[in-house]
Amino acid sequence: MIYKSTRGNDTRTASQAILKGLAQDGGLFIPEYIPKMEMPLKELAELDYRGLAYEVMKLYLTDFTEEELMACINNAYDDKFDTEAIAPLTYADGAYYLELFHGPTIAFKDMALQILPHLMTTAARKNDLKDDIVILTATSGDTGKAALEGFKDVPGTRIIVFYPKDGVSRVQEKQMLTTGGENTSVVGIYGNFDQAQTGVKNIFSDGDMASLLEEHGFVFSSANSINIGRLVPQVVYYWHAYLTLLREEKIADGEPVNICVPTGNFGNILAAYLAKEMGMPVNKLICASNSNKVLYDFFTTEVYDKNRDFFVTSSPSMDILVSSNLERLIYFITGDDPAKTAKLFGELNSEGRYEIDDEMNKGLAGFAAGFATEEETASEIAQVYNDTGYVIDTHTAVASFVNRQYREASGDEHACVIASTASPFKFGGSVMKAIDPSYEETDDYTLAEDLAKTAGVDIPQAVLILRDAPIRHDIQCAPEDMKDTVKKILGI
Ligand SMILES: *Cc1c(COP(=O)(O)O)cnc(C)c1O
């Protein structure tokens, strides 16, 4: 399997694409064709999560040996997850919630970031790369901690995470600052997320920095969601959801299901699209947005336009105006036309908008889209809780609301899998207020205890350990000093 850039001018093997992250021409790597799943559903349904991960991922990462890929999978999906199922399904209020938050940071980014470091170090070995890989990441909260946990103590890697000192929640900050590991560094910058991200981009493209790194046996790489090493592992859990429903006789063999995904950067729902194109029986892919509804507008008007107000919402991991992974879908619906894709994304760059033609729009027929306002998100949490006692987080609630609205409007009665992307404990304040508007606890620990009582579940380990975990990181800097800070950390 060869990987090509969506903009046409870069071709790599799978392992090289993982090391590279973004293509040389600014495009995203896509497989030259979407592989078909040949094994019958009934047989696949016999496999556990790791066995299934192998069957799916081997079709994409064809230059990894069975032994290499199994080692990556076994290192990732082990008892760092708090359930043997890895991604269990819970039925509540007419839908199946695919819980992707049982990993070490209780959000779905663990599903890919637990395996990416192993894929990367294996890829380095295969390509005779002797240098240590240095991951630089700017984070507004969730990604930073998930990346830190994934790369922590993985030999041959270092990770440096930059976050806006006053721009993340207390829990998120504490989660990052208490991270252990000999190869992790966390830096608070006196600035906002955009400055952190721009700083990281500048360091990546700094020629002097690249040669300095090379002299000292280091090479930069990126762990963000455009890396195919994050995309491919995400395809696995959609298959896992379908096969679990089949095994438990909730659906018939071959019966199509709907999949509804709370969407930001379009990575998670793109993985569902790949599962469908591989042959998984899917009726509709439902793209759910919060008030930053640029994707809803795209699906309903054929125009992608980022020139609009930006809203800070209770589902912050979806507060995005440029959904990077959409470029891959655009490429597919052009009929694999890199010139057309490059033209549209050139327009996005210069005008902040692009419009697709009717021919391309036909490629979107398998999608539905909706959005939830802040009030609708909160009322959805309350409704699911009042109907069933099940507590969902704010991001999941956006999808849950959109699915409910879609079903009512369309009469579509297919079973629906909702991607449940974060534990309610991660956004406990918003969740408790949605259930009880008079709720006003401000102390994080009491909040967690109250939420545990309300939901009738244990407080996750990831939250409990924060109470006594020592602070291990204490570096701050101005945005303009990020480069010097990286040098200091690496000792170069
Ligand atoms: C990152 C994230 C999302 C959005 O996922 P994309 O792949 O960027 O669309 C949704 N919910 C949570 C909790 C997240 O952390």
In this structure, is VAL261 in contact with a Leu (Cβ under 9 Å, 6 or more places away or on another chain) and closer than 19 Å to SER420 by Cβ? yes
So which of LEU231, LEU243, LEU213 ends up being more than 20 Å from THR396 (Cβ to Cβ), in a helix (DSSP H, G or I), of a type outside the set (Gly, Ala, Ser) and within 13 Å of the ligand (Cβ to nearest atom)? LEU231
Tell me, please, whether a residue that is in contact with a strand residue (DSSP E or B) (Cβ under 9 Å, 6 or more places away or on another chain), on the phi < 0 side of the Ramachandran plot and without any contact (Cβ under 8 Å) to a residue 40 or more places away in the chain can be found in segment 368-375. no
Going through LYS20, LYS42, LYS36, LYS58 one at a time, which residue ends up being modelled with pLDDT under 95 and open to solvent by 50 Å² or more (accessible area, probe 1.4 Å)? LYS20
Report yes if GLY352 is within 16 Å of the ligand (Cβ to nearest atom), surrounded by fewer than 22 Cβ atoms within 10 Å (Cβ to Cβ) and over 23 Å from ILE286 (Cα atoms), otherwise no. no
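Would you pick out the residues in segment 210-225 that are of a type outside the set (Phe, Trp, Tyr) and touching a strand residue (DSSP E or B) at 6+ places or on another chain (Cβ under 8 Å)?
Looking only at segment 210-225, we keep the residues that are of a type outside the set (Phe, Trp, Tyr), and these are 210-217, 219, 221-225.
The answer is ALA210, LEU213, GLY217, VAL219, SER221, SER222, ALA223, ASN224.
Name the residue that is farthest from the chain's Cα centre (by Cα), counting only residues in segment 391-414 that are within 16 Å of the ligand (Cβ to nearest atom) and outside any helix (DSSP H, G or I).
VAL391
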How many residues are open to solvent by less than 10 Å² (accessible area, probe 1.4 Å) and assigned to a loop (DSSP other than H, G, I, E, B) when one looks only at segment 378-390? 0
Inside segment 132-168, can you point out the residues that are among the aliphatic types (A, V, I, L, M) and out of contact with any strand residue (DSSP E or B) (no Cβ under 7 Å at 6 or more places or on another chain)? VAL154, VAL168
Keeping to segment 434-482, report how many residues are surrounded by 15 or more Cβ atoms within 10 Å (Cβ to Cβ), touching a residue at least 40 places away in the same chain (Cβ under 8 Å), in a helix (DSSP H, G or I) and not β-branched (Val, Ile, Thr). 7
Name the residues in segment 226-258 that are modelled with pLDDT under 95 and surrounded by fewer than 23 Cβ atoms within 10 Å (Cβ to Cβ), would you? ILE226
Please pick out the residue among GLU359, GLU374 that is modelled with pLDDT of 95 or more, more than 16 Å from the ligand (Cβ to nearest atom) and of a type outside the set (Lys, Arg). GLU359
Taking the criterion of being acidic (Asp, Glu), at pLDDT 95 or above and either more than 10 Å from the ligand (Cβ to nearest atom) or under 17 Å from LEU61 (Cα atoms) (or both), would at least one residue in segment 98-109 satisfy it? yes
Test: ILE418 is in contact with a Ser or Thr (Cβ under 7 Å, 6 or more places away or on another chain) and under 21 Å from VAL186 (Cα atoms): no
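Residue-wise test of (1) within 16 Å of the ligand (Cβ to nearest atom); (2) closer than 29 Å to THR377 by Cβ; (3) in a helix (DSSP H, G or I).
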{"residue": "TYR304", "(1), (2), (3)": "yes, yes, no"}
{"residue": "ARG308", "(1), (2), (3)": "no, yes, no"}
{"residue": "SER324", "(1), (2), (3)": "yes, yes, no"}
{"residue": "THR341", "(1), (2), (3)": "no, no, yes"}
Any idea how many residues of segment 343-377 are part of a helix (DSSP H, G or I) and closer than 20 Å to ALA95 by Cβ? 2
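Open to solvent by 10 Å² or more (accessible area, probe 1.4 Å), among the aliphatic types (A, V, I, L, M) and away from the ligand (no atom under 15 Å from the Cβ) - does that describe any residue in segment 278-301?
Step one: filter segment 278-301 for residues open to solvent by 10 Å² or more (accessible area, probe 1.4 Å), giving 279, 281-284, 291, 293, 296-297, 299-301.
The next check asks that each one be among the aliphatic types (A, V, I, L, M); those that pass are 282.
Filter once more, keeping what is away from the ligand (no atom under 15 Å from the Cβ): 282.
Yes; the residues of segment 278-301 include at least one that is open to solvent by 10 Å² or more (accessible area, probe 1.4 Å), among the aliphatic types (A, V, I, L, M) and away from the ligand (no atom under 15 Å from the Cβ).
The values are calculated or read from the model by the stated rules, or taken from the named source; none is laboratory data. For clarity, every value in this text was computed on a predicted model and none was experimentally measured. As a convention, Cβ positions derive from the backbone with ideal geometry for all residues, glycine included, and neighbour counts pool all protein chains shown. Ligands, DNA and RNA are stripped out before the accessible areas are found, and what is left, the full protein with its side chains, is counted by its heavy atoms. Shrake-Rupley method; radii C 1.70, N 1.55, O 1.52, S 1.80 Å.
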